[in-house]
Amino acid sequence: METYELQTVTYGTASAPFLATRVLIQLADDEGHHFPLAAKALKKDVYVNDLFSGGNNAAEVIELRNQLDALLAKGGFQLRKWASNDEVVLEGIPPENRALKTSVDLDRDQVIKTLGLHWEPATDCLRYKAALPSDTAEKSITKRIALSLIARLYDPLGLVGLLVTAAKVFMQNLWMLKNDDGSSWSWDKELPIEYQTRFTNYQKQLPRLNELRIDRCILLPEPESIRIHIFADASQLAYGACVYVRSTDASGMVKVALLTAKSRVAPLKRQSIPRLELCGALLAAQLFEKVKSSLQLTHYDNS
């Protein structure tokens, strides 16, 4: 009888995401007292094998970068695929360790894909890319084809929630669609003409999502006041909530930005508007708790 033990994290196993994160947390606990900025980032800003962090200015971020390199070297790790919206931060990093190609003029179309979003460092904007099969328009729309295309929409922050909610409502309508004998509509049976027209119109407008640019930074530099405003509403089709962040600096300048949103389709069993609005209020409260723990703001007002 021989026992074999894995000495490294093997991706593909069920325990891999936990082990990868837990090792970094242990490293921060063991060596973090020498690198306080890096230790905090390892515990709060790591998602499996990606690290997202930043600072108020280039000097602060460079110090964070140096601490991260030193701390992770204690565990035998080397960070790669560095990217920043400020070229000063990347000075001294070899080209092979950068996420984007090095050029004199930073290409505005270079993007980094992470967690389902595309980040454009040159403009510091978030983008969406709706890539649909070119031959779909020539095919008859079936329930299988429609649902497979809807499943391609991924919006973790809810920044294009209206678009996704419309797709969710259409998906719910497909589940309610019945044959003449009352059975559920077949997966590969051509949809009724009104459904095909509705979905085709939606599909034609989807590529316009590629033109959308959303500022990544939601706060003014060195804000004196930060407010979180949450709105919730409901209709017979769906209900949802959205979070806006309002920041004010010493000069009185104000910036308001959409941070995140969440929506859900109304139940098939008809509900009253007041009940659905209560569901929206509950969703707003849950969203606030999530935002509060994620942002780690030390001072803010909420309403």
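Across the accessible surface of the stretch 138-192, with the other protein chains kept in place and a 1.4 Å probe, carbon and sulfur atoms take up 56 percent.
Roll a 1.4 Å probe over the protein heavy atoms and report the accessible area of ARG152 in Å², nearest 10. For ARG152, solvent-accessible area is about 130 Å². The 1.4 Å probe gives accessible areas that order ILE145, ILE228, largest first, as ILE145, ILE228.
Shape of the stretch 1-48 from its Cα gyration tensor (a ≥ b ≥ c, root eigenvalues): rounded if a/c is under 1.5, otherwise prolate when a/b > b/c, or oblate? Oblate shape, in that a/c is at least 1.5 and b/c is the bigger or equal ratio. Using only Cα atoms, find the angle between the long axis of helix 16-31 and the longest principal axis of the chain, and express it within 0 to 90 degrees, rounded to the nearest 10. With both axes taken from Cα atoms, the answer is about 30 degrees. Listed by chain and number, the aspartates and glutamates placed with their C-alpha closer than 16 angstrom to that of LYS262 are ASP155, ASP233, GLU277, GLU289; residues fewer than eight positions away on the same chain are left out. Where only DSSP H runs of four or more residues are counted, the chain gives -11000 deg cm²/dmol as its mean residue ellipticity at 222 nm, each run worth -39500 (n - 2.57). With mean projected area of the Cα convex hull in nm² in mind, check (i) 18.2; (ii) 23.9; (iii) 17.2 and report the label derived from this structure. The value matching this structure is (ii). Judged by the gyration tensor of its Cα atoms, with axes a ≥ b ≥ c, the stretch 191-303 is oblate; a/c meets the 1.5 cut and b/c is at least as large as a/b. Pairs over the 22 Å Cα-Cα cut-off, from the set LYS40/LYS290; LYS129/LYS178; LYS44/LYS292; LYS168/LYS269: LYS129/LYS178.
Straight-distance candidates among the aspartates and glutamates for linking to LYS81, with alpha-carbon spacing under 16 Å and chain neighbours fewer than 8 residues away dropped: ASP45, ASP50, ASP69, GLU91, GLU96, GLU120. Note on ASP215: accessible area approximately 100 square angstrom, rounded to 10, probe 1.4 Å, nucleic acids and ligands left out. Taking every alpha-carbon pair under 8 Å whose residues sit at least 6 apart, the chain reaches a relative contact order of 12 percent. In the chain, the sites counted are GluC sites (Glu not before Pro) in DSSP loop states with at most 10 other Cβ atoms within 10 Å, and the longest stretch holding none of them, exclusive of the sites, is 92-303. Rounded to the nearest 10 degrees, the inclination of helix 161-176 to the longest alpha-carbon principal axis of the chain is 40 degrees. The angle between the Cα long axis of helix 273-295 and the main principal axis of the chain comes to about 20°, on a 0 to 90 degree scale.
Relative to the Cα centre, the charge distribution of the stretch 200-251, modelled as +1 at Lys and Arg Cβ and -1 at Asp and Glu Cβ, gives a dipole magnitude of about 300 debye. For a label point 7 Å from the Cα of GLU63 along Cα→C-beta, name the residues of the stretch 14-45 whose backbone N is under 15 Å from it. Under cut-off, by backbone N: 34-41. Using heavy atoms of the protein chains and a probe of 1.4 Å, the accessible area assigned to PHE199 is about 10 Å². The alpha carbon centroids of the stretch 225-303 and the stretch 160-210 are separated by 28 Å.
The values are calculated or read from the model by the stated rules, or taken from the named source; none is laboratory data. Computed from a predicted structure; not experimentally measured. Glycine also receives a Cβ, built like all others from the backbone with ideal geometry; neighbour counts cover every protein chain displayed. Areas reflect the complete protein model, heavy atoms only, side chains present, ligands, DNA and RNA absent. Shrake-Rupley method; radii C 1.70, N 1.55, O 1.52, S 1.80 Å.
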